[in-house]
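Have a look at the structure below, then the notes.
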């Protein structure tokens, strides 16, 4: 332990008192950043080594939805809110069918669950799904450290004895690839087409549409789609069919869609666009309504000539203010992205519809002549506010208008 203390001192990072990490004085896990700093803590969840890009999320609730969001594939999430685990976990709150997150970092060790919706404790749920966690970390200092770097990889390592070979672990971390250039959606996209029929949860109050005589067919291209997006589409009285990013245009045409939805997803959007360029081009040539969210939004921009770039820290939280330029209103939104469309590269065929009030980055675009629009944030929430869910209704209206025009 004295050796570890000295190394902390030499690195200039002293995240907490090593003699009082938590009430049980357990230090069986370590978090190492690729800038050389590291933090001792207490392990929970899966007892394993894991590497990924580290980021932080400022949400104060919805940790299960965040952890199961496929857009976090290959990332270690730092929760800035200190109390995690008190509401337990349940099957409905999962936002993805796969748990591809690399790990989580928290200030306080997860508490016991105390909620009427809980089916299994948070710690048991993490262990079951192979997700490692580390507690006892000064997450304020860690967040400040992350903000100093455009991209920062990290490693969570468990050892019940607390004896860590720091230099060996650092060298291993250096070999882990950065997010730039990674097409991660290929690892989580559905392997086969399937229909989705589950509606929005009764606890969420949404407008009920009287659409008995109109049932649109919506093809969802899965780059890592969240379940609540699919639920919102079903809420439109739509027949929803989910396709892999590897699907052919023939497969999608056989479904005879009235609208196309491009989902959220992880990784570098420019890498995903290169892989899916042929499919995206064919979809836009159908000239039917297209709605994109998150990486779907970025893929639309890239397909029409815009460029994307890595943001300094990204936007991850449930309280991000966005200005709707056409309505001159501010919406509080849920967000999770590390890339953005470069405003200076935006082609004339696309116009900006929404902007971030944090940094003026693009939060929404639409095509000037084709029925195509998208947003960078998450109107489906889970977690977060639902005041932007009107966008699904706008997608429905666009489908109706396009069908009526053809008729």
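The values are calculated or read from the model by the stated rules, or taken from the named source; none is laboratory data. Since the model is a prediction, treat every value here as computed from it, not as a measurement. Note: ideal-geometry Cβ built from the backbone for every residue, glycine included; neighbour counts use all protein chains shown.
Would you confirm, using the coordinates I've provided, whether residue 370 is part of a helix (DSSP H, G or I) and in contact (Cβ under 8 Å) with a residue 24 or more places away in the chain?
Considered against the rule, which asks whether it is part of a helix (DSSP H, G or I) and in contact (Cβ under 8 Å) with a residue 24 or more places away in the chain, residue 370 comes out as no.
Is the range 362-378 home to any residue that is surrounded by fewer than 20 Cβ atoms within 10 Å (Cβ to Cβ) and within 16 Å of residue 336 (Cβ to Cβ)?
No, there is no match, as no residue in the range 362-378 is surrounded by fewer than 20 Cβ atoms within 10 Å (Cβ to Cβ) and within 16 Å of residue 336 (Cβ to Cβ).
Restricting attention to the range 161-172, and to residues there that are touching a residue at least 40 places away in the same chain (Cβ under 8 Å) and either in contact with a helix residue (DSSP H, G or I) (Cβ under 9 Å, 6 or more places away or on another chain) or in a helix (DSSP H, G or I) (or both), which single residue is nearest to residue 74 (Cα to Cα)? Full working, then the answer.
The first filter runs over the range 161-172 and keeps only residues touching a residue at least 40 places away in the same chain (Cβ under 8 Å), leaving 161-162, 164, 166, 169-170, 172.
Narrowing the set further to residues that are either in contact with a helix residue (DSSP H, G or I) (Cβ under 9 Å, 6 or more places away or on another chain) or in a helix (DSSP H, G or I) (or both) leaves 162, 164, 166, 169-170, 172.
Details: 162: 25, 164: 23, 166: 22, 169: 18, 170: 18, 172: 16 Å.
Checked the range 161-172; the qualifying residue nearest to residue 74 (Cα to Cα) is 172.
Looking at 387, 380, 394, 363, which is the one that is part of a helix (DSSP H, G or I) and in the same structural domain as residue 265 (by TED's automatic domain parsing)?
Result: 394 is the single residue among 387, 380, 394, 363 that is part of a helix (DSSP H, G or I) and in the same structural domain as residue 265 (by TED's automatic domain parsing).
Keeping to the range 81-107, report how many residues are buried (at least 18 other Cβ atoms within 10 Å of the Cβ) and either without any contact (Cβ under 8 Å) to a residue 60 or more places away in the chain or assigned to a loop (DSSP other than H, G, I, E, B) (or both).
Of the residues in that region, 17 qualify.
Say whether the condition of being at pLDDT below 95, under 28 Å from residue 177 (Cβ atoms) and surrounded by fewer than 16 Cβ atoms within 10 Å (Cβ to Cβ) is met by at least one residue in the range 109-127.
So far as the range 109-127 goes, no, none of its residues is at pLDDT below 95, under 28 Å from residue 177 (Cβ atoms) and surrounded by fewer than 16 Cβ atoms within 10 Å (Cβ to Cβ).
Counting only residues that are assigned to a loop (DSSP other than H, G, I, E, B) and under 17 Å from residue 38 (Cα atoms), which one in the range 111-160 is farthest from the chain's Cα centre (by Cα)?
Taking the range 111-160 first, the residues assigned to a loop (DSSP other than H, G, I, E, B) are 111-119, 121, 129-131, 136-138, 148-152, 159-160.
The next check asks that each one be under 17 Å from residue 38 (Cα atoms); those that pass are 136-138, 148-149, 151-152, 159.
Working: 136: 25, 137: 23, 138: 23, 148: 21, 149: 20, 151: 16, 152: 17, 159: 29 Å.
Once the filter is applied, the top-ranked residue is 159.
Which one of these is part of a loop (DSSP other than H, G, I, E, B), farther than 23 Å from residue 401 by Cβ and either in contact (Cβ under 8 Å) with a residue 24 or more places away in the chain or out of contact with any strand residue (DSSP E or B) (no Cβ under 9 Å at 6 or more places or on another chain) (or both): 267, 338, 317?
Matching residue, one of 267, 338, 317: 267.
Is one or more of the residues making up the range 321-329 closer than 30 Å to residue 142 by Cα, touching a helix residue (DSSP H, G or I) at 6+ places or on another chain (Cβ under 6 Å) and either at pLDDT below 95 or outside any helix (DSSP H, G or I) (or both)?
No, because not a single residue in the range 321-329 is closer than 30 Å to residue 142 by Cα, touching a helix residue (DSSP H, G or I) at 6+ places or on another chain (Cβ under 6 Å) and either at pLDDT below 95 or outside any helix (DSSP H, G or I) (or both).
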